[in-house]
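Below is one structure. I have some questions about it.
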Amino acid sequence: MELRCCLLLFGLGLAAAKLTGEIEIDVDEGHDWDILDINEVAGVDLLEGDIQLDEASHRNTIIGERYRWPTPIPYYLEDSLDMNAKGVILKALDQYRLKTCIDFKPWKGEQNYISVYKGDGCFSSVGNQQVGKQRLSIGKNCDRVATVEHEFLHALGLRHEQSRADRDDYVDIMWDRIVPGKEHNFKMNDDTMTSALGVPYDYSSVMHYSKMSFATGSEPTIVTKIPHFMDIIGQRISFSTGDLSKISHLYNCTKSSMFVESCHFEEENICGMIQGAGNKKWERRASVDGGPQTDFSNMGECKGKGYFMHFSTTSAQPADRASLESQWLYSKPGTHCLQFFLHQSGASDDVLNIWVRDYDQANPGSKLKLIRSITGGVRGSWELHAITLNMTRKARVVFEGIRGNGPSTGGFSLDDINLSSMECPQHIWHIRNITGLMATTPSGRKLYSPRFLSPTGYSFQVGVYLNGKSSRPGYMGIYFYLTSGPNDHNLQWPCPWHQATMVLMDQQSDIRQQMNMHRMVTTDPGKKSSDGTEFYWDDPRKVGSKVSVSDGSFYYRGPGLGTSSFLAHNRLKSRNFIKGDDAFFLFSLEDISALLVSQSLARAAVHVDDGLKKSAAQGPPQDTATHAVVVTAAAGCVVTVAVVLILIIRRRRRQQESDRAVIIQDMPGFMEASYNLYYMRL
């Protein structure tokens, strides 16, 4: 009881009666939650901590075709889920589509499907249990991308890595350090029931227990035979390469539905790219006198490797040009994201044009569309660009360099090109000299990003504790804030249902191999201060603090929401989060209010009725009358909520039209290319 009172007071202190820009709420309450910790607090006692044994089968194994799902896999998001969790789940499913051959689709009445709900903790059955509605729980504190990936891997048929039959060759289980009565969670699975699928033991698997799982004290229960991996096991960042290999073997497929192309120019065929129109050519280089001195992929660390493509403007004349075209690319028509690293060492008025060459029935000979022109900007360093493209089923991406008139010491250099049908991050924050900053920044001090604008017009900012908060050293912390901006008088306050995605990029060359660290938080317009007098996500000019900028200007920053346990420093060093002394954060702020509406049941209800008729010969369905009432009521709720949302949207549009307002999405000088450094001591 005393502990509960302390936690309550802690929460009240965070959401103080008087809101300011110094107030921050830690959604993790100072914990680095793992799945086992979450389930223990929730009072859930399951096999290996998060595996639910279904009554239909006590052999929750990955061997046997009957446990495989047909793809795309039908899923349903139940209304019990928190709004933030819904957005996180959809983000995790996109990671499956990008990195694996598994696809998902909303349930439309298929016999077997995964129904995701908010239960007491995070858990799933293993494999397709052939029970119709197979439930998977994403409860409190489970709304993390890697946690959702973990539970869906169970549903797909994978068990925990440390339970495989050859486990004892790679780790030692310290039985005397395990909580009494929990020893069964460390039982190995016989290889006649489960399979490692020919994949070597994977310390980096998102399915591996952490070293402190079910520990009685401060000593680890799992000790890796190779000491280097002690701080690797138990990662909850993203799929490992081994996880991806297992899925490919298990489902006997390789093609991703969202991945299109990746190229880092290490092979001499340069990924099938060709020289296009122009009187100059792009060259494959390992270094350029005027910069860059190394490629981005390897940073000069691998002898005999490390190439990029370069268009030299030093020897070119004004208006000279060179075009580099990708091979024919085949993908689903629609929006795509092109990411690449660009190094500029040429004239300030040199231009790099990004084109798409479409091939379709209307344009069998191809049609060029100019997507973006890049000139000026940051020079002398590798910079990440993310550009949204609209492509047909067959297309090429074209990089066209044009010589300007100014003096040049180099030109344009390209490396690590990736193309997918994922949504591009809206904003990129490049932090330079990050190792120096981490060496000199004490815990409790915070680095603020520039202010950014969302597509809906809201201004926001992100703060990062490089060395953690004073109460949480050894971790990187991250918080999201709304800030005052140019559209505030036209926006709805409190800010309704906008989800912020904050990502620390793993700078691997191939996007499929990147283990990016995600954190997502959502603005609940009903959230109030502890005394109920202020809305947490109200206009920052009302609930924020004034921030003065070095140029004499000022703005207001509202209260923050995030975590003090974003990423432990030992895991920060386990991947390429820092490369060449640089780190890249990717941000987006999206309106997710559409998720307020229940996932459509109208068409599904018809299929359910048909299914009930077909199953009549097999025996009476359970709770048929109850199901019919639920479906009818849910359908009615869907219609009601949809009507209300339509009325709200129409009212907002009329209000904006009456104000004759234009939502500004970009303002020169508002989103600086370089960051400004602000510190706050807590």
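Counting each pair of different Cα atoms once, what's the Kirkwood radius of the range 107-177 in Å, rounded to one decimal?
On the way: mean 1/r = 0.0721 Å⁻¹.
Radius from the Kirkwood sum: 13.9 Å.
Computed from the mean reciprocal separation of all distinct C-alpha pairs, what Kirkwood hydrodynamic radius does the range 261-421 have, in Å?
The Cα-based Kirkwood calculation yields 15.9 Å.
Still on this model: Subtract the Cα-Cα distance of residue 230 and residue 349 from 0.36 nm times their separation in residues, and report this length gain in nm to one decimal.
This chain segment gains 37.8 nm when fully extended.
Taking one equal scatterer on every alpha-carbon of the range 29-251, how large is log10 of I(q)/I(0) by Debye at q = 0.08 1/Å?
Calculated log10 I(q)/I(0) at the listed q: -0.26.
So how far, in whole Å, is the C-alpha centre of the range 540-556 from the one of the range 94-148?
One Cα centre to the other: 43 Å.
Which order do the peptides 476-488, 28-40 take when ranked by the mean count of other beta-carbon atoms within 10 Å per residue, highest first?
The densest-packed peptide leads the list: 476-488, 28-40.
Just to be sure I follow the rule: in the range 261-421, considering lysines 8 or more places apart or on different chains, how many pairs have Cα atoms under 29 Å apart?
14
Simple spin-label model, 7 Å along Cα-to-Cβ: residue 267 to residue 131 in nm?
According to this spin-label approximation, the distance is 4.5 nm.
Which FRET efficiency value, to the nearest 0.05, is calculated for residue 409 and residue 319 with the Förster distance at 25 angstrom and r the Cβ-Cβ distance? Write out the running numbers ahead of the final one.
Values: r = 19 Å, r/R0 = 0.76.
Using R0 = 25 Å, I get an efficiency of 0.85.
Sticking with this one: Rounded to the nearest 0.05, what FRET efficiency do residue 545 and residue 489 have when you use their Cβ-Cβ distance and R0 = 30 Å?
0.90
Nearest 5 percent is fine: what portion of the DSSP beta bridges confined to the range 29-251 is antiparallel?
Roughly 40 percent of the DSSP beta bridges within the range 29-251 come out antiparallel.
Give the carbon-plus-sulfur fraction of the accessible surface of the range 219-292 in %, rounded to a whole number; probe 1.4 Å, heavy atoms of protein chains only.
50
Among the lysines in the range 29-251, how many pairs, 8 or more places apart or on different chains, have alpha carbons under 16 Å apart?
Value for the range 29-251: 13.
Okay, next question. Using a 1.4 Å probe and counting only protein heavy atoms, arrange 113, 536 so the residue with the most accessible area comes first.
113, 536
Please compute the per residue accessible area over the range 428-596 with all protein chains in place, 1.4 Å probe, rounded to a whole number of Å².
Per residue, the range 428-596 has 31 Å² of solvent-accessible surface.
To the nearest Å, what is the center-to-center distance of the range 427-463 and the range 159-228, using C-alpha atoms only?
38
Between residue 293 and residue 175, what length comes free when the chain is fully extended (0.36 nm per residue of separation minus the Cα-Cα distance, one decimal in nm)?
Going from the current span to full extension adds 37.2 nm.
Compute the projected area of the convex hull of the Cα atoms of the range 428-596, averaged over all viewing directions, and report it in nm² to one decimal place. It would help to have the intermediate numbers written out before the result.
On the way: hull surface 45.7 nm².
If you wrap the Cα atoms of the range 428-596 in a convex hull and average its projections, you get 11.4 nm².
Carbon-plus-sulfur fraction of the accessible area of the range 428-596, 1.4 Å probe, in percent?
With neighbouring chains kept in place, the figure for the range 428-596 is 47 percent.
Expressed in nm to one decimal, what extension gain is obtained for the pair residue 184 and residue 423 from 0.36 nm per residue of sequence separation less their Cα-Cα distance?
81.7 nm
Can you give the accessible area per residue of the range 29-251, in Å², using a 1.4 Å probe? The partial results should precede the final answer.
Working: 8410 Å² over 223 residues.
Normalised by residue count, the accessible surface of the range 29-251 is 38 Å².
Grab every C-alpha pair in the range 218-290, bin the distances at 10 angstrom width from 0 up to the longest one, and report whole percents.
So the P(r) values, bin by bin, are 12, 23, 23, 23, 13, 4, 1.
For the residue pair residue 330 and residue 255, what label-to-label distance in nm results when each label sits 7 Å from Cα along the Cα-to-beta-carbon direction?
In this crude label model, residue 330 to residue 255 measures out at 0.6 nm.
So, one more: Mind giving me the nanometre distance, one decimal, between the label points for residue 591 and residue 362, set 7 Å out from Cα along Cα→Cβ?
2.7
Can you check what the net charge comes to around residue 286, using other residues whose Cβ is under 9 Å from the Cβ of residue 286 (Lys, Arg +1; Asp, Glu -1)? Don't skip to the answer; put the middle values down first.
Details: positive: 284, 285, 305; negative: 295.
Summing Lys and Arg as +1 and Asp and Glu as -1 gives +2.
Between residue 379 and residue 22, what's the calculated FRET efficiency when r is the beta-carbon distance and R0 is 41 Å? Round to 0.05.
Efficiency at R0 = 41 Å is approximately 0.65.
The values are calculated or read from the model by the stated rules, or taken from the named source; none is laboratory data. What you see is a predicted model, and the numbers here were worked out from it, not measured in a lab. We place every Cβ from the backbone using ideal geometry, glycine too, and count neighbours over all the protein chains shown. Accessible surface areas use protein heavy atoms only, side chains included; no ligands, DNA or RNA. Shrake-Rupley method; radii C 1.70, N 1.55, O 1.52, S 1.80 Å.
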